[in-house]
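Enquirer: Take this structure, written in structure tokens, and hold onto it; I'll ask about it next.
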Amino acid sequence: MEYTSDQKALIMLSVTEGYNARKRRFDSVDRPCELYDDYSVADKMIAKMESRNIGVITILDDDYPQRLKEIYDPPYTLYYQGDKSLLNDKDTVAVVGTRKVSAYGKNVMSNFLPAFIKSGLTVVSGLARGVDSIGHKACIEQGARTIAVVANGLDICYPPENLNLQQQIVDKGLIISEYPMGTKPLQYHFPERNRIISALAHAVFIPEAGDRSGSLITADYAIEQGKELFVVPGSIFSQQSVGCNKKIKELQATIAITPDDVIFAFGRNAVKEDKIAIQLDMDSQSIVDLLQEGAKHFDEIFDATAINIGQLSGILTQLEICGVIRKTQGNYYEIIPQL
Amino acid sequence: MLAKTKSYALNGVEGYEVAIEVDLNAGLPAYDTVGLADTAVKESKERVRAAIKNSLYNYPIRKITINLAPADTKKEGSHFDLAIAVGILVANEEIESKSYKDYIILGELSLDGSINSIRGVLPLIISAIQNGHKKFILPSKNAKEASYIGGIEVYAFDKLSQVVEFLTGASQVEPLETSEFVSISRANKYNVDFAEVKGQFVAKRALEIAVAGGHNVLLIGPPGAGKTMMAKCVPTIMPDMTFEEAIEVTKIHSVAGILDDSVGIVVNRPFRTPHHTATVPALMGGGANARPGEISMAHNGVLFLDEMPEYQRRTLETLRQPLEDGVAVVSRAKRTLEYPSRFMLVASMNPCPCGNLGSKVQQCKCTPSEIHRYISKLSGPLLDRIDLQIEVDSISYDEFRSSELNESSESIKARVEKARTVQRNRYVGTSTKTNDEMTNAQVRKYCELDKAGEELLKNAFTKLNLTARATNRVLKVSRTIADLDGSQDIQPKHVAEAIQYRSLDRKYWD
């Protein structure tokens, strides 16, 4: 692909000056080519990008998303891998939150995300551990559209355990970054990156966020950019819900109790799924009744039901496969809550 | 004067004949040992001289040359002492009878002329029998060990002088009586029992299945959950060792020098717990004087690796080949040794470095990457050899109604033995002994599922995030569960239960 000297200049700018590039708010972004005489740095970078199949969209291009231009400090360059048409998806929801997801957070995600996906929303997130990864994974698994905005060059994977997921997003979705190749995920990149997540989304949804969660920065950007902010209330004793509850207390966010609350904001109706009634036999029913009291250890179930131990293991597996209960670490079993 | 006595040397757990030639020459008094003798053999010079003198025989003031034939293999150990001493006495005409030629002579000498015990008597005798030898002279401390072999004449002595008197015909000695294996195997008991393990029903059930099918097990749980206690109980529910198995184990323990002289044979299934600082030679065998490693000493028994991720990765990886083949191969520049090592692996680990992951009582303080690093110490190929991965955790069993229902090892063992019989009959005529050892072809043949079973397995993979390589493991364990159930076919409920024992495959460690 051929680049114009304007585009090359913007690439140079991002390579040599990084975020500071935006401080040079040369009034006419129209003529950045006047900044440089020698484009060898940009040419080298372009060669490297082409070998890794990384493309770039600059603020001067037609396919640069309009919503990004509307924010205070839009990135001049967006490096991307994957399907760039996702950038102009109409209905996008940002799903961000804590890196340490509690069981409650997982339940929220497993109830909300499938609904978002069924309604055809595109999920934007940051490929971080926890909520972000769960969101991306769900989209990839169910063939939904998803955009990952990362805080480092696209040749780097952070966090490293998401290498596989990152590759899948490249294949089936879109991954973007304002940082050129070779940029490490430095601490201050993350808040910078968050402004792009909220800018790309029409609404930001936070299932769980701790007191100092980075997702609260995204939330603040969302408010600043005039986006809708949805949070899920949590227990007042849970560390992972402090951030969400604080937003509610400060009247900055809309409370989301069902997926519909978020989906209605897009002017859509949730796709109603017929609940499948599962006929349980007596033993299974007695186990489910027992688990209604709360999570129980295998041995507690065994003790209470007096079903033969081998048989009990079998029944529990069957219930797991049906999606009624779930095994958690340490041989505990619990009901999967359904909205 | 030339004399030639016979002895045996060890190579791994096999023995080979060593002819000891003693020649007395005119010349300045001297003593030379040739035939690639190591230090222990060369030092026999002093022991033999003192022992002969202190037994009040004449020590030749001549040039003495000892040759150990075959001359090109390295000889180790002190058990040639007695044969050398007899050879010198014969060459010096202290013993005039020729009867010494009939015996394989083994024993270490003490300076006062008494005979000390040696390592590896059983494997030496068994190899000698295979080569047609029938008469043995041994230290009496090793008599018990030799007495389990029938059809041979074993003469055991405490002192060099007794050996000389016996060989010259000055005294009559009766050969040892053969000991009965069955009686002592019944009498010996383990000092732990599953009845003492409170609760832990699912873990106990899993161990029962593991033993019944010969599967390897990984116990995952926080410190103090009772993993070690349960692992120690595993031998108590294993079927009693047959005489052949006991001999195999005794051979190895004898070579390793850990045999109890007073019993002379290993009756209880071994339970070995190498520390996590163990080196590769300690585990696999080898070292300067090649000895069997922990995995061979656990042959026909249990190898328990406590806190498995704490072991060096390199050490763990060496386990893969023995787990596959049942032998530990130790290669040296000049020779390769094989030690049998068909053991059941019981490993334990914490769910995370701090041990509290998944605990309802304590908060886990590990970061995801710490947990990831901890778990990833166990390589996929190694985990592939472990069919059952179960979680053990400390919960209070005090208020449990059925806590008095704790089953004894005896009754669990009865079920295990029944399942083993089913397997023996099924695999008759093949090298497979247990479900764990099934080849892929055998898995296809004996682990066929009905429609409902297939469906269940397929759903389990998609819904429960099982990894694909778990299929065969699940099938093998299902087969064992069906065998325990006395069922000819594998039913869906058996598959469903087997899936419960694949904890590590569940991706909630992500």
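Enquirer: Report whether or not B:F136 is buried (at least 23 other Cβ atoms within 10 Å of the Cβ), within 28 Å of the chain's Cα centre (by Cα), within 30 Å of B:P29 (Cα to Cα) and of a type outside the set (S, T, N, Q).
Expert: In short, no.
Enquirer: Scan the range B:474-504 for residues that are buried (at least 24 other Cβ atoms within 10 Å of the Cβ), part of a loop (DSSP other than H, G, I, E, B) and more than 10 Å from chain A (Cβ to nearest Cβ) and jot them down.
Expert: Scanning the range B:474-504 gives no hits.
Enquirer: Can you tell me which residue among B:T467, B:T430, B:T471 is surrounded by fewer than 18 Cβ atoms within 10 Å (Cβ to Cβ), outside any loop (DSSP other than H, G, I, E, B) and hydroxyl-bearing (S, T, Y)?
Expert: Unique residue meeting the criteria: B:T471.
Enquirer: Another question, if that's okay. Cβ-Cβ distance below 7 Å, separation of 6 or more or different chains: which pairs start in the range B:118-135 with a residue that is more than 15 Å from B:F80 (Cα to Cα) and end on one that is among the polar types (S, T, N, Q)?
Expert: B:L122/B:T250; B:L122/B:S254; B:P123/B:S254
Enquirer: If you go through the range A:300-309 one residue at a time, how many are among the aliphatic types (A, V, I, L, M) and more than 10 Å from every other protein chain (Cβ to nearest Cβ)?
Expert: Going through the range A:300-309 one residue at a time, the tally reaches 1.
Enquirer: In the set B:A85, B:A9, B:A40, which member is out of contact with any Asp or Glu (no Cβ under 8 Å at 6 or more places or on another chain) and of a type in the set (A, V, I, L, M)?
Expert: Result: B:A85 is the single residue among B:A85, B:A9, B:A40 that is out of contact with any Asp or Glu (no Cβ under 8 Å at 6 or more places or on another chain) and of a type in the set (A, V, I, L, M).
Enquirer: Which pairs turn up if I take residues in the range B:146-174 that are crowded, with 21+ Cβ neighbours inside 10 Å and look for partners that are hydroxyl-bearing (S, T, Y) and in a helix (DSSP H, G or I) with beta carbon separation below 7 Å, at least 6 apart in sequence or on another chain?
Expert: Correct list of pairs: B:A156/B:S140; B:F157/B:S140; B:L167/B:S99; B:L167/B:Y100.
Enquirer: Further question on the same structure: Working carefully through the options A:V108, A:V101, find the one that is farther than 12 Å from A:L200 by Cβ, under 15 Å from the mean Cα position of the chain (by Cα) and not in a loop (DSSP other than H, G, I, E, B).
Expert: A:V108
Enquirer: Do any strands (runs of 3 or more DSSP E) lying entirely in the range A:164-234 carry at least 2 residues that are in contact with a Gly (Cβ under 7 Å, 6 or more places away or on another chain) and surrounded by 18 or more Cβ atoms within 10 Å (Cβ to Cβ), and which ones are they?
Expert: The strands (runs of 3 or more DSSP E) meeting that bar are A:174-177.
Enquirer: Could you look through the range A:119-151, keep only residues that are outside any loop (DSSP other than H, G, I, E, B) and charged (D, E, K, R), and pick out the one that is surrounded by the most Cβ atoms within 10 Å (Cβ to Cβ)?
Expert: A:D132
Enquirer: In the range B:242-252, which residues are in contact (Cβ under 8 Å) with a residue 40 or more places away in the chain and surrounded by fewer than 23 Cβ atoms within 10 Å (Cβ to Cβ)?
Expert: Listed by number, the residues that qualify are B:F243, B:E245, B:A246, B:I247, B:E248.
Enquirer: In the range B:246-283, which residues are closer than 21 Å to B:T315 by Cα and more than 11 Å from the chain's Cα centre (by Cα)?
Expert: B:T273, B:P274, B:H275, B:H276, B:T277, B:A278, B:T279, B:V280, B:P281, B:A282, B:L283
Enquirer: I'm checking my understanding of the structure. Among residues of the range A:50-69 that are within 17 Å of A:S5 (Cβ to Cβ) and not in a loop (DSSP other than H, G, I, E, B), which one is modelled with the lowest pLDDT?
Expert: Ranking the candidates gives A:T58 first.
Enquirer: Tell me which residues, restricted to the range B:370-388, are over 25 Å from B:L207 (Cβ atoms), assigned to a helix (DSSP H, G or I) and out of contact with any helix residue (DSSP H, G or I) (no Cβ under 7 Å at 6 or more places or on another chain).
Expert: B:E370, B:R373 - these are the residues of the range B:370-388 that are over 25 Å from B:L207 (Cβ atoms), assigned to a helix (DSSP H, G or I) and out of contact with any helix residue (DSSP H, G or I) (no Cβ under 7 Å at 6 or more places or on another chain).
Enquirer: Of the residues B:L259, B:L219, which single one is part of a loop (DSSP other than H, G, I, E, B), surrounded by 23 or more Cβ atoms within 10 Å (Cβ to Cβ) and touching a residue at least 40 places away in the same chain (Cβ under 8 Å)?
Expert: It is B:L259.
Enquirer: May I pose another question? Limited to the range B:49-89, what total is found for residues that are farther than 17 Å from B:V34 by Cα, hydroxyl-bearing (S, T, Y) and free of Cβ contacts under 8 Å to residues at least 60 places away in the same chain?
Expert: Summing the residues that are farther than 17 Å from B:V34 by Cα, hydroxyl-bearing (S, T, Y) and free of Cβ contacts under 8 Å to residues at least 60 places away in the same chain in the range B:49-89 gives 1.
Enquirer: List the number of the failed condition for B:V280; all other conditions in (1) of a type in the set (V, I, T); (2) more than 25 Å from B:E324 (Cα to Cα); (3) free of Cβ contacts under 8 Å to residues at least 60 places away in the same chain hold.
Expert: (2)
Enquirer: Mind checking which residues of the range A:292-309 are assigned to a helix (DSSP H, G or I) and either surrounded by fewer than 19 Cβ atoms within 10 Å (Cβ to Cβ) or within 33 Å of the chain's Cα centre (by Cα) (or both)?
Expert: A:A304, A:T305, A:I309 - these are the residues of the range A:292-309 that are assigned to a helix (DSSP H, G or I) and either surrounded by fewer than 19 Cβ atoms within 10 Å (Cβ to Cβ) or within 33 Å of the chain's Cα centre (by Cα) (or both).
Enquirer: Something else: Just the residues that are assigned to a helix (DSSP H, G or I), within 7 Å of another protein chain (Cβ to nearest Cβ) and not polar (S, T, N, Q), please, taken from the range A:310-339.
Expert: A:G310, A:G314, A:L316, A:E320, A:I321
Enquirer: From the list B:V173, B:V202, which one is of a type in the set (V, I, T) and more than 14 Å from chain A (Cβ to nearest Cβ)?
Expert: None of the others qualify; the one that does is B:V173.
Enquirer: Cβ contacts < 7 Å: first residue in contact (Cβ under 8 Å) with a residue 60 or more places away in the chain and among the acidic types (D, E), restricted to the range A:67-93; second residue surrounded by fewer than 21 Cβ atoms within 10 Å (Cβ to Cβ) and assigned to a loop (DSSP other than H, G, I, E, B), any location; separation 6+ or different chain. Result?
Expert: A:D91/A:G120; A:D91/A:H202; A:D91/A:F266
Enquirer: Output the qualifying pairs, or none if there are none: Cβ atoms under 7 angstrom, residues six or more apart or on different chains, first residue in the range B:360-374 and at pLDDT 75 or above, second residue part of a helix (DSSP H, G or I).
Expert: That search, which allows pairs on different chains as well, returns B:I371/B:W509; B:H372/A:E161; B:Y374/B:P309.
The values are calculated or read from the model by the stated rules, or taken from the named source; none is laboratory data. As the structure is a computational prediction, the values presented were derived from the model and not from experiment. Neighbour counts are summed over all protein chains in view; Cβ atoms, including those assigned to glycine, are modelled from backbone coordinates with ideal geometry.
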